[in-house]
Each structure stands twice: as structure tokens, then as C-alpha cells.
Amino acid sequence: MKSKTTGGLVYSTDSGRMCPVCRQPIATCSCKLAKAPAPTDGTVRVSRETKGRGGKSVTLVKGLALDGLALAQLGKQLKAACGSGGTVKDGVIEVQGDHCDVVLAVLQKQGYSVKRAGG
């Protein structure tokens, strides 16, 4: 009886995350498995979180049905509008600091349906 192995390279220090199907870096994945945006209900949710960040607050933007490149561009625009740093991880834009009001205004101006999530 053969056993299935799902082993293989998952992360490389040279190119980052690797696609489990085509074994290419996620940025150059040819199978489109890793590039499929997550299904959403059409509403973008903006929240503030401090958990696991040493007490520092981060503004999170979730629910955007964009591919990786468009998400990175929007993240860059939001960071510039807030005048702070941040990143894009797993389909979520993180902007350093409590900038919920600024992010809400920028996203509404661009035509997104936006809600404030959390307290």
C-alpha cells in the first residue's frame, strides 16, 4: 500500500512561499491555484487590532476580492494616505497605527462598500 506524501518545498529563503501544485514561487505560479482571490460578500471590513503585536495597533482591511498585485497596489495607496508603513498578508492589508477613519474614507472614495468592524 502506497502512502500519499504532500511533502516538498513550502518556503525558500530565495523566493519566499512556494506553490504546492506547480512548485514555483507564488509570485510566478503558473497554475493560478495560489492566485485565486478568496470569495467575499462584497463588503470590505476595516478594523483595528493589537493582539500579538506588543500592544501596538494595526488597521486591518479584509474582504477585498482582488488578486495579489491589485491588493499590493491598494495597500500602497492606503499606506501613503495614512503616512505610515504596513504590509499585505494572506489577502489582508495591514496599516501600522490606528487609521480606521482615513482608510474608510479612502475606500469609500474609490467606490467600495465599506463597514467598520469591531469596537
Practice task
With no solvent and one equal point scatterer per Cα, compute the Debye intensity ratio I(q)/I(0) for the range 67-107 at 0.26, 0.30, 0.31 Å⁻¹ and report its log10, rounded to two decimals.
Solution key: -0.86, -1.09, -1.15
Practice task
Figure the gain on full extension for Ala70 and Arg116 (residue separation times 0.36 nm, minus the Cα-Cα span) and round it to one decimal in nm.
Solution key: 14.4 nm
Completion exercise
Taking only C-alpha positions in the range 40-116, Rg and Dmax in angstrom work out to 11.4, 34
Practice task
Tell me the label-point distance for the pair Arg53, Cys31, using the 7 Å Cα-to-Cβ offset, in nm and rounded to one decimal.
Solution key: 3.4
Fill in the blank from the handout: Expected sort for Glu94, Glu49 with the fewest Cβ neighbours (10 Å cutoff) up front is Glu49, Glu94
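All of the numbers you see were taken from the coordinates with simple rules; none came from a lab. All values derive from a computational prediction rather than experimental measurement. Virtual Cβ from ideal backbone geometry, glycine too; neighbours counted across all protein chains shown.
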